[in-house]
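What follows is a short report on a single structure.
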Amino acid sequence: MIWIPLIFLTLVGSINALLPTFGPCPDVKPMESLDYSRYLGKWYEAEKYFSIIDFGARCGTFNYSKDENGALKLVNSQISALTGIESTIEGRARPIERADDPKFSVSYPSLPINYPTPHWVLGTDYNNYAVLWSCSNMGLLSLKSAWILTRERHPPVSVLEAAYKILDRNQISRAYFSRTDQKNCPASKERNFLIRTYRKVSKY
């Protein structure tokens, strides 16, 4: 039934800005290992694959932390430029093969379809930038997404250039990227916006 994959694409695409393209996932090379203790913390979304679902979204952030059980969690947030409403969603991240694996999967337990999506860290210096990649094979299609994350809301050009080198090295086209609007964003979470937060306490 056609509506089932459409619902799936809508739900997952709204979180990961997935871009459906024909053909399998390309061969990209992540980092050798990832120091999660250094990777934790707040990242600002500098650029990402364009998605019509995310049109008008601004002030995007990724916040990685560990809960009281030591499980890795990811909180994504963004603000609608049309309504001024902030939406946040909490996911659970898990390294795929080993504790320092730069390939991890993220699931969002609050969604009706809790489908884990791969997140690969292609490169990071931990203090300035991180390049994140996602791709899933879905029959004749592959669902792709990519992000440039930075520790500063307004990074210098040199930081973005370092991230671009990682994209170029993996032959990932920059044509699909769009710049995330990080202007006039609230400095903290104490805002006069309606916040929609999805939470679930769980272990790996």
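The values are calculated or read from the model by the stated rules, or taken from the named source; none is laboratory data. Computed from a predicted model, the values in this text were never measured in an experiment. Using ideal geometry, Cβ is built from the backbone for each residue, glycine included, and neighbour counts are taken over all protein chains shown.
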Based on what the data block shows, is Lys73 surrounded by fewer than 14 Cβ atoms within 10 Å (Cβ to Cβ) and free of Cβ contacts under 8 Å to residues at least 40 places away in the same chain?
-> no
Which of the residues belonging to segment 103-115 are outside any loop (DSSP other than H, G, I, E, B) and aliphatic (A, V, I, L, M)?
-> Val106
Taking segment 164-190 and the residues there that are among the small types (Gly, Ala, Ser) and closer than 14 Å to Ile79 by Cβ, the one that is modelled with the lowest pLDDT would be Ser188
Checked segment 86-102 for anything of a type outside the set (Ser, Thr, Tyr), in a strand (DSSP E or B) and over 13 Å from the mean Cα position of the chain (by Cα); matches are Glu86, Arg94, Pro95
Go through the residues of segment 3-17 one by one and say whether even a single one is outside any helix (DSSP H, G or I) and modelled with pLDDT under 95.
-> yes
Would you mind listing the strands (runs of 3 or more DSSP E) fully within segment 18-69 where at least 1 residues are modelled with pLDDT under 85 and either of a type in the set (A, V, I, L, M) or under 17 Å from the mean Cα position of the chain (by Cα) (or both)?
-> 19-22
Only one of Arg169, Arg179, Arg98 is of a type outside the set (A, V, I, L, M, F, W, C), touching a strand residue (DSSP E or B) at 6+ places or on another chain (Cβ under 7 Å) and surrounded by fewer than 19 Cβ atoms within 10 Å (Cβ to Cβ); which?
-> Arg179
Among the residues of segment 116-138, is there at least one that is of a type outside the set (Gly, Ala, Ser) and farther than 22 Å from Leu72 by Cα?
-> yes
Residue count, segment 165-182 (criterion: outside any helix (DSSP H, G or I) and without any contact (Cβ under 8 Å) to a residue 24 or more places away in the chain) = 1
